[in-house]
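Structure first, commentary second.
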Amino acid sequence: MAASSNKVLGKVLASISIMSFLAICLLGSDSFHKWLINSALEVSRFLTSPVDADEENAKWILESMSLQAAADALSDAKLDQEIWITTPQATIDERYFSCAPLRLEKPSASALAAFNEAEMLGQGSEAKLRYTASARGGYWRAAERLVTINLREGHESYAALSVAWLIRNNIPAGYNKMADLLRSEPEGLAHNPSLLRGSFRWRAALNGDPDALSKMADLLTREGEPQFAKTLRDCAERNSQTFGEHEESPWDSFLQWLLEAGSTP
């Protein structure tokens, strides 16, 4: 009974501390009261969850970075973005756009397998646990997917942690997910980089993130620029072609050799 009570208390403290700390660093004092109100709902969901998917969702990140480091990553990203907005690179113009290849480390076979299993499951705690297993293995797409899931479920604190991990590991999707995290701010016109949310999206697109490229293409289509939109969509498709590839370990190669040797007459 005591062990169970300690676990419950640990969940409460973890949930409150993550929310409060990240709310102050990311959103500032103006939004802090909203986060305090939402924290009561978050803790309630956290305690009544039949599966520890939410707990694992925070643990996998905090195994590799501290809460302070996560908050610093988000705060530094916002400060850096405010400077980046003023640079010529922030100009959204087809003349200055070139499709940047997405050069990111391929996932391990096990991390990719966990991601694919999660996609087949669709939604729910089991899917989230498999995405978490994939993200724990270092697969950035799983971390990105966890941001989407947590925002949909109202878990902004866990979404923020995943965004911090993406940003800290220099993954372009981190900028795109920062835009999603700032969903209370209007995204504005495609050609208005002065808005923080839209500028994060555009920066991710410039760095080759397929989802950001697709979303910017949708925005440009609505604004009557189909050719520019097509350029972005073509880039998104090109950069998505490596999805499904994994990094072969020596053990994978050895197993493949055994299979081939066994099939030789």
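Scanning region 204-218 for residues that are part of a helix (DSSP H, G or I) and farther than 19 Å from THR148 by Cα gives LEU206, ALA217. A count restricted to region 121-139 and to residues that are touching a helix residue (DSSP H, G or I) at 6+ places or on another chain (Cβ under 7 Å) and surrounded by fewer than 23 Cβ atoms within 10 Å (Cβ to Cβ) stands at 9. Quick one: is LYS7 at pLDDT 50 or above and either within 18 Å of the chain's Cα centre (by Cα) or not hydrophobic (A, V, I, L, M, F, W, C) (or both)? No. Can you name the residue in region 82-97 that is part of a loop (DSSP other than H, G, I, E, B) and of a type outside the set (S, T, N, Q) and, of all such residues, is farthest from LEU220 (Cα to Cα)? The residue in question is ILE85. The residue pairs whose first member lies in region 219-239 and is surrounded by 13 or more Cβ atoms within 10 Å (Cβ to Cβ), whose second member is among the acidic types (Asp, Glu), and whose beta carbons are closer than 6 Å, counting only pairs six or more residues apart or on different chains, are PHE228/GLU94.
In summary, GLU187 fulfils each of the numbered conditions (1) over 16 Å from GLN89 (Cβ atoms); (2) at pLDDT 90 or above with the single exception of condition (2).
Considered as a group, the residues in region 53-81 that are touching a residue at least 24 places away in the same chain (Cβ under 8 Å) and in a loop (DSSP other than H, G, I, E, B) include one that is surrounded by the most Cβ atoms within 10 Å (Cβ to Cβ), and that residue is MET65.
For region 98-120, a tally of residues being in a helix (DSSP H, G or I), over 17 Å from the mean Cα position of the chain (by Cα) and surrounded by 15 or more Cβ atoms within 10 Å (Cβ to Cβ) returns 4. Every test in (1) without any contact (Cβ under 8 Å) to a residue 60 or more places away in the chain; (2) out of contact with any helix residue (DSSP H, G or I) (no Cβ under 8 Å at 6 or more places or on another chain) is passed by ALA212 save one, and that test is (2).
The values are calculated or read from the model by the stated rules, or taken from the named source; none is laboratory data. The structure presented is a predicted model; accordingly, all values stated were derived computationally and were not measured. Cβ sites come from the backbone with ideal geometry, for glycine too, and all protein chains shown count toward neighbours.
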